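Colleague: Supplied in structure tokens, the structure appears directly below.
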Amino acid sequence: MDVKHVTRVSEFVGGFIRKCIFNILSVSVIPNHIAFIMDGNRRYSQKHNMINGAGYRVGFSALMSMLRYCYELGVKYVTVYAFSIDNFKRNPEEVESLMDLMVEKIERLIKEEIIIRQYGTRVRFIGNLTLLSESVRLAAERPWMPLPKTLKSVLLICVAYTSIDEILHGVRESCEDNLNDGSVKISVSDIERRMYMGGAPDPDIIIRTSGETRLSNFLLWQSGKCLLYSPSVLWPEIGFMHLVCAVLDFQKHFYYLNKQKQA
Ligand SMILES: *[C@@H]1O[C@H](CO)[C@@H](O)[C@H](O)[C@H]1NC(C)=O
């Protein structure tokens, strides 16, 4: 079956059928953490002759659907690569319109997004937030709704993020803290604890759309034992069946990956 056909069919698959499929998947192990590189929003705009921002808007609703599927399936952590530090090198107009879009989407996410409420999701922004324009930074740093009593799911949004910057941050903070308490040796766990992603488990699967198989400076430290899944669809076209395929792939490799983790 080709992927386009799968996507179209998946649009008709309702909640009930999703639940059945998830029940079957749950017989085996469910990934705890899935990370997404949402590649292809610009290409999607071009393909459909849309103005540039339009692709990102369709991409946002694709993300909302994907979050729903992940949380329904019982995935606890979802991480998305929303904006790389390298993206600041794009032309200033595009960067500015992306920043505006980001503020709008962050606000909407906090205020209205039903998925976030329904699944008691805690949202955290990851990255060097000092690099963001003030309006985005304020939106990202704003105190969130009171935390739900039972924390069922976590959404980590990487903005102004690259792995190299994250590692630099971890090493720097470790050095500073060590200077303060006089110790000379830095351990892996010292650095890990001070990473932007500190506290979150390593991802089990990274899904990158557009058929690209590069990590592009995303979660390099955390992805040593992680499965990379790269469907050829552009991000706004990603659907339920792609997630199912990724999870099946993960389950097929689980024994091996798990052995690696314990080694
Ligand atoms: C974060 O951004 C600032 C500039 O705002 C820069 O000086 C710093 O090196 C960056 N990285 C870290 C890890 O702080």
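The values are calculated or read from the model by the stated rules, or taken from the named source; none is laboratory data. Since the model is a prediction, treat every value here as computed from it, not as a measurement. Note that each Cβ is placed from the backbone with ideal geometry, even for glycine, and that neighbours are counted across all protein chains shown. With ligands, DNA and RNA removed, areas are computed over all heavy atoms of the protein, side chains included. Shrake-Rupley method; radii C 1.70, N 1.55, O 1.52, S 1.80 Å.
Colleague: Grab the eigenvalues of the alpha-carbon gyration tensor for region 151-227, scale each by 5, take roots, and send me the semi-axes largest first in whole angstrom.
Modeller: Rounded to whole Å, the semi-axes are 27, 14, 11.
Colleague: Packing-wise, with mean Cβ within 10 Å as the measure, how do 90-100, 21-31 rank, highest first? Don't skip to the answer; put the middle values down first.
Modeller: Values: 90-100: 12.8, 21-31: 14.5.
So the peptides 90-100, 21-31, ranked by packing, come out 21-31, 90-100.
Colleague: Checking the a/c ratio against 1.5 first, then a/b against b/c, what shape does the Cα gyration tensor give for region 111-249?
Modeller: Note, shape of region 111-249 comes out oblate.
Colleague: Per the 1.4 Å probe, what fraction of the accessible area of the chain, in percent, lies on carbon and sulfur atoms? The partial results should precede the final answer.
Modeller: Working: 7720 of 13880 Å².
Of all accessible area on the chain, carbon and sulfur atoms account for 56 percent.
Colleague: Also, I was wondering about something else. Using a 10 Å cut-off on Cβ atoms, rank the peptides 183-191, 246-254, 127-135 from the highest mean neighbour count down.
Modeller: Top of the packing list down: 246-254, 127-135, 183-191.
Colleague: So what J values fall out for region 252-263 if you push phi through Karplus, 6.51 cos²θ - 1.76 cosθ + 1.60 with θ = phi - 60°, rounded to Hz, Gly and Pro as x?
Modeller: 5, 9, 4, 4, 5, 4, 5, 5, 4, 5, 7, 5
Colleague: Would you mind checking the pairs Lys185/Lys261; Lys152/Lys185; Lys76/Lys111; Lys19/Lys105; Lys105/Lys152; Lys89/Lys252 and listing those with alpha carbons more than 30 angstrom apart?
Modeller: The pairs that break the limit, which is 30 Å between Cα atoms, are Lys152/Lys185; Lys89/Lys252.
Colleague: Among Leu219, Gln262, Gln251, which residue has its Cα positioned farthest towards the positive end of the charge dipole of region 211-263, with +1 placed on the Cβ of Lys and Arg, -1 on the Cβ of Asp and Glu, and the dipole taken about the Cα centre?
Modeller: Positive-end residue among those listed: Gln262.
Colleague: Looking at the P(r) of the chain, how many percent of alpha-carbon pairs lie beyond 29 Å?
Modeller: 33
Colleague: With no solvent and one point per C-alpha, what does the Debye sum give as log10 I(q)/I(0) for region 209-263 at q = 0.29, 0.31 Å⁻¹?
Modeller: Listed by q, the Debye log ratios stand at -1.17, -1.19.
Colleague: Same structure, new question: If you take the charge dipole of the chain about its Cα centre, with +1 on Lys and Arg Cβ and -1 on Asp and Glu Cβ, which of Val123, Leu25, Ser65 is farthest toward its positive end?
Modeller: Of the options given, the answer is Leu25.
Colleague: Further question on the same structure: Apply the Karplus parameterisation 6.51 cos²θ - 1.76 cosθ + 1.60, with θ equal to phi minus 60°, to every residue of region 59-76 and state each ³J(HN,Hα) to the nearest whole Hz, in sequence, with x for glycine and proline.
Modeller: x, 5, 6, 4, 5, 4, 5, 5, 4, 4, 4, 4, 5, 4, 6, x, 6, 8
Colleague: Still on this model: Can you give the accessible area of Arg18 in Å² (nearest 10), computed on protein heavy atoms with a 1.4 Å probe?
Modeller: Estimated to the nearest 10 Å², Arg18 gives 30 Å².
Colleague: May I pose another question? Over region 83-144, what relative contact order in percent results from Cα pairs under 8 Å that are six or more residues apart?
Modeller: On the way: 22 pairs, mean separation 21.9, N = 62.
In percent, rounded to a whole number, it is 35.
Colleague: Using Cα-Cα distances under 8 Å and only pairs 6 or more residues apart, what relative contact order does the chain have, in percent?
Modeller: 28
Colleague: What percent does the relative contact order of region 167-263 come to when contacts are Cα pairs within less than 8 Å and at least six residues apart?
Modeller: Relative contact order, region 167-263: 23 percent.
Colleague: Ok, one more. Would you mind classifying region 70-189 by shape? Square roots of the alpha carbon gyration tensor eigenvalues, ordered a ≥ b ≥ c; an a/c under 1.5 is rounded, otherwise it is prolate if a/b is larger than b/c and oblate if not.
Modeller: Cα axes put region 70-189 in the oblate bin.
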